[in-house]
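The structure under discussion appears below in the form of structure tokens.
The values are calculated or read from the model by the stated rules, or taken from the named source; none is laboratory data. Small disclaimer: the values here were computed from a predicted structure and weren't measured. Don't worry about glycine lacking a Cβ; one is built from the backbone with ideal geometry, like all the others, and counts go over all protein chains shown. Please note that ligands, DNA and RNA were not included when accessible areas were found on the heavy atoms of the full protein model with its side chains. Shrake-Rupley method; radii C 1.70, N 1.55, O 1.52, S 1.80 Å.
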Amino acid sequence: MIPMSRNIGFSVWALLVLLPLVSSAQQKNKVENPSYANQVEFTVLPGANTTSVGIQVVRVRRFTDWFCGGLGIGFTHYNDPLDLVPIFVNAKFVAPGTGGAIPFASLDIGYSVSIHVNDDVEIDEHRGGVLISPSVGVLFKSNSDFKYYVKAGYNINKARYEQPQWGNRILETNITYKRLLFGVGLLF
Amino acid sequence: MRAITSKMLRDSRLTSMFFFAFLLSLALMGCEDQKMQTVKWTEYEPVYMSEQEFTNSVGMETARELNKPGKIYFYNDYLFVNEVNKGVHIIDNSDPASPAKVGFINIPANKDIAVKDNLLYADSNSDLLVFDIKDLQNPELVKRVENVFSFTANRSPGYPYKPVDQSKGIVVDWEEVEVEEVCQGDCSYTHPVVDGMWLNTVGAETGGSGGSAGVGGSMARFAITGDYLYAVDDINLLTFDISSPEPTKVNKKDVGWAIETIFPYENNLYVGSQSAMYIFDISNPATPSQMSVYTHLTACDPVVVEGQHAFVTLRENERCPRAVNRLEVIDVEDPFNPHKVAFYEMISPHGLGIDDGNLFVSEGEYGLKVLDASEPQDIKQLQYIKDIQTYDVIPFNDVLMVTGNNGIMQYDYSNIEKLRHLSTIPVVE
């Protein structure tokens, strides 16, 4: 069982590793490959009974004027009793245009790896599951190399865990997280 | 810079409308996390047999593999090995290095055995069966004494268990099954068991008294001395006159609770329970009389006696939680006043056997310990065989017969400091 401090540390580590990489790539991109960009996003996932937060980074490539795709990794704090680390493919459909606010539609599909964070809950085994997250948003351009956006969508994430019960009983719980999603992000 | 055409604007609006509709439909699925829980467990379920089948199925069959060996008994160079709830394996052990299976006596719900004068006594549910084994190739059932035992296969060997439905027949065995309960949301907390009682399914005959009787291990509930068969169930000490092939129950005595084992030595019976060791005087063999009780911490315990000392193993397990794991030495020179003189910490002690100061202690999955108990207050470990699973032992004429989950193992202990492995009759799943 991984302590929560290590879970957070793992996520921070992942971001710290990726950010310099994407920053250096950004530097490279300025000279060599202007179709790549990097995305950092913070999300809030309200549900019927609780709200979760998350963070993710995506390496985005612009394929056409209206389509971008990329690979991403994130961290979503459900604490129920698992947290999830989504690893996903991102597809973004951007309205062509040169205005300051550009609408887009986005779809994340991937798999979330589970992390046991709540030490008060004894768990024998745990496993993540599929991630599907469609959303729509608006991308705001600025004069600098940084763009920011806001988005709203829906997030479906699956996870599973087993807990020992009295005697030889095992309680298996299969969860499908169904949340609205609100996010703000930075493209650079 | 590319011009933005009306087509592009229309396309982007259409795309956004599509995704908005898509999001709306997803949102309509709800924003409540869905949880489905499944509870899985294993429990014991009774195996039933009709009364006719129960009676008619007793008989000799061809030799079969060991699957779940229970108690063992040694008589006239033959090993009799109980297959729990199934019957008795007959094994020619005239050469312990090369034991040979002779056959199998099918006895439903059988757990205990004893042999004297070519008569094999076996329980079958609540009945006592007597077999003439002069011809071991063709043992013959000569007598069934019905409803003499209160320990029956109705009691599950473990917990949890499915309650017995008497309308389905006679319970002759129990099998472990996996059970699943699926529910939306949180599972209700259900107990598949109302209450559980344990049945000691393991044990070997203790014995050695009576010139024509055999030798058993320390975990037995049967013991023969002279012309009497003594048997213990959960609460009673039963006495049978076996001077004729038709045994007669002559005495029944309420001993206590959770009675587990019996060991005869000279003119006494030593009865082990989860909380005490009882000493009975059988100088009048038909009517045992209690002399004393030595109480100990609640633990599962067999007992053997040699000289003026009794050796008792105490073990913690599901039936005896919060117990200790140790070997206790009791001075029984005055059987009216037994008292502990020493104890030794063990790992998971099960059955034990003693021969001329050489004490053998089964440590369950942790192996076998060979001890020098010639000075009971200063017992020394001579050897520790770790890579075997042991339940009970019979030391006899320098041959140590060991039963466990792996099968029946035999060792030459003529060199007590270094046992020599002779043979293994394996368990086949």
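Per residue in the range B:38-56, which ones lose no less than 10 Å² of accessible surface when going from chain alone to all protein chains (1.4 Å probe)?
Residues shielded by partner chains are B:Thr38, B:Val39, B:Lys40, B:Trp41, B:Thr42.
First select every other residue whose beta carbon is under 13 angstrom from the beta carbon of A:Asn90; then total the charges, Lys and Arg +1, Asp and Glu -1.
Net of charged neighbours comes to +3.
List the residues of the range A:73-96 for which accessible area in the full set of protein chains is at least 40 Å² lower than for the chain on its own; 1.4 Å probe, protein heavy atoms only.
A:Pro96
Within a Cβ distance under 12 Å of B:Lys134, other residues only, what is the Lys/Arg minus Asp/Glu net charge?
Summing Lys and Arg as +1 and Asp and Glu as -1 gives -4.
Counting only other chains, what is the mean number of Cβ atoms within 10 angstrom of the Cβ of each residue in peptide A:161-169?
Counting other chains' Cβ atoms within 10 Å and averaging over A:161-169 gives 5.
What total accessible surface area, summed over both chains, is buried at the interface between chains B and A, computed with a 1.4 Å probe and given in Å² to the nearest 100?
Buried: approximately 3000 Å² between A and B.
At a 1.4 Å probe, what is the % contribution of carbon and sulfur to the accessible area of the range B:359-429?
Roughly 41 percent, rounded to a whole number.
For B:Ala100 and B:Thr248, what is the calculated FRET efficiency with R₀ set at 35 Å and r taken between the beta-carbons, to the nearest 0.05?
Using R0 = 35 Å, I get an efficiency of 0.45.
Grab the other residues whose beta carbon is less than 11 angstrom from that of B:Ile170, score K and R as +1, D and E as -1, and report the net.
My count for the surroundings of B:Ile170 gives -3.
Quote the FRET efficiency, to the nearest 0.05, computed for A:Ala91 versus B:Lys40 with a Förster distance R0 of 35 Å and r equal to the Cβ-Cβ distance.
Using R0 = 35 Å, I get an efficiency of 0.35.
Sorting check: for B:55-67, A:126-138, which peptide has the highest mean count of neighbouring beta carbons within 10 Å, and how do the rest follow?
For the peptides B:55-67, A:126-138, the packing ranking is A:126-138, B:55-67.
Run the quick spin-label model on B:Thr424 and B:Lys134: label points 7 Å from Cα toward the beta carbon, then report their separation in nm to one decimal.
Spacing of the two 7 Å Cα→Cβ label points: 4.0 nm.
Using a 1.4 Å probe on the protein heavy atoms, what percent of the accessible area of the range A:42-104 belongs to carbon and sulfur?
64
For the pair B:Arg144 and B:Gln166, what calculated FRET efficiency results from E = 1/(1 + (r/R0)^6), where r is the Cβ-Cβ distance and R0 = 22 Å, to the nearest 0.05?
The formula returns an efficiency of 0.60 here.
Please give the peptides A:150-158, A:75-83, B:333-341, B:41-49 ranked by average Cβ packing (other Cβ atoms within 10 Å per residue), highest first, as a rough proxy for protection.
Going by the mean number of other Cβ atoms within 10 Å, highest first, we get A:75-83, A:150-158, B:41-49, B:333-341.
Once you put a point 7 Å from the Cα of B:His339 and another 7 Å from the Cα of B:Asn118, both along the Cβ direction, what distance in nm separates them?
My value for the distance between the label points is 5.1 nm.
Could you work out what % of the accessible surface of the range B:223-357 is carbon and sulfur, using a 1.4 angstrom probe and leaving DNA, RNA and ligands out of the count?
Carbon and sulfur together cover 45 percent of it.
Rounded to whole Hz and in sequence order, give me ³J(HN,Hα) for the range B:132-147 from the Karplus expression 6.51 cos²θ - 1.76 cosθ + 1.60, θ = phi - 60°, writing x for Gly and Pro.
Values per residue, Gly and Pro as x: 7, 10, 4, 9, 6, 6, 9, x, 10, 6, 10, 7, 10, 9, 8, 6 Hz.
Between A:Phe67 and A:Asp120, what length comes free when the chain is fully extended (0.36 nm per residue of separation minus the Cα-Cα distance, one decimal in nm)?
14.6 nm
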